[in-house]
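Take a look at the structure below.
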Amino acid sequence: MRQAILLSLLSFAPLVYACAEYKHKSEAEIARMTPAQRVDQYAQYKHKTEAEIAAMTPAQRVEEYGNEQAFHKYDVLDEQHNLISKYILHDGLKALPRSIQIMDEYDPATSSGKAEHKGERFDAVWMLLSDLDNRLVRLRASPEGVQAIDVLARAIDRMRAAGYGKKGQHEWAEHGRFDSAVAALEDAKATNRTDDAIKDTLWVKYKLKISRSGLLAFSNFLIARDPSYPSWSETDFIKDYSRLNEAGNPAQVYVMKKPDRFYEAYLQFKKQKLKRS
């Protein structure tokens, strides 16, 4: 999802930001900052070393990811966000409190947000939420995750009230940001990319076909058993020659590298359904 965002942003002229010496602030210092002081902090931003990122608190890493999005969003070759994300995934749900604050701070109807790059920081946070939900643990399985989903929904409501998301419009800040955030919210509330990969895995490996409603029911079953099921396996991107389009091209899908655990869970899911029927 982040790659799609970055590609959309290529149509904009790159901005150049001054990067002076920068030392990351403590969580307490961040909380005490005025809007002007946060702008000054952004003006000093430059990439951190891995050692510096590793030494940060979860809240500081979220702040750092927001800075990365604000200052390097036009650089599609920049891999720094992957380094920061690696540590945030290790933080897990500890990343949510600061993420929630950043989403709550974003209101496109206010002019002050532009100076502080609140739109870009909002982008960074919903992307982080999507990463956590798709790669680590389903957000809707925990109280703090549900809170994050609710705060994202309220931010989207503010965007809608400000006229974002209108059909036929192409400005990224007003419409691409809205559409992408809505997609992330819908994934978190129902089935996400991991669930789609599970669906394709069960077809490719075991020729088991699941409907969309069946996939949601299976997702809820997995959440009840182990909300961390997105972390059970990494994925491979493959061509599925059992499904060809009208041009004769195979479907291109993600499948689990370690499918057995998902298959066994699906058999238990079907067995449970039979008992209830």
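Figures for the structure shown
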item	result
Those residues of segment 90-109 which are under 17 Å from LYS48 (Cβ atoms) and within 13 Å of the chain's Cα centre (by Cα), in sequence order	ALA95
Pairs where the first residue, in segment 221-236, is closer than 16 Å to ASP196 by Cβ and the second is surrounded by 15 or more Cβ atoms within 10 Å (Cβ to Cβ) and hydroxyl-bearing (Ser, Thr, Tyr), C-beta under 8 Å, 6+ apart	LEU222/TYR229; ILE223/TYR229; TYR229/THR194; PRO230/THR194; THR235/TYR254; ASP236/TYR254
In segment 244-269, the residues that are farther than 14 Å from ARG225 by Cβ, among the charged types (D, E, K, R) and either outside the structural domain of PHE221 (by TED's automatic domain parsing) or at pLDDT 95 or above (or both)	LYS257, LYS258, ASP260
Test: residue in segment 170-178 that is part of a helix (DSSP H, G or I), at pLDDT 95 or above and of a type outside the set (Lys, Arg)	no
Index of the failed condition, PRO227 passing every other in (1) loosely packed, with under 15 Cβ neighbours inside 10 Å; (2) within 21 Å of ARG135 (Cβ to Cβ)	(1)
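The values are calculated or read from the model by the stated rules, or taken from the named source; none is laboratory data. Treat the numbers as computed from the prediction; the structure is a model and nothing was measured. Here Cβ is always computed from backbone atoms with ideal geometry, including for glycine, and neighbour counts include all displayed protein chains.
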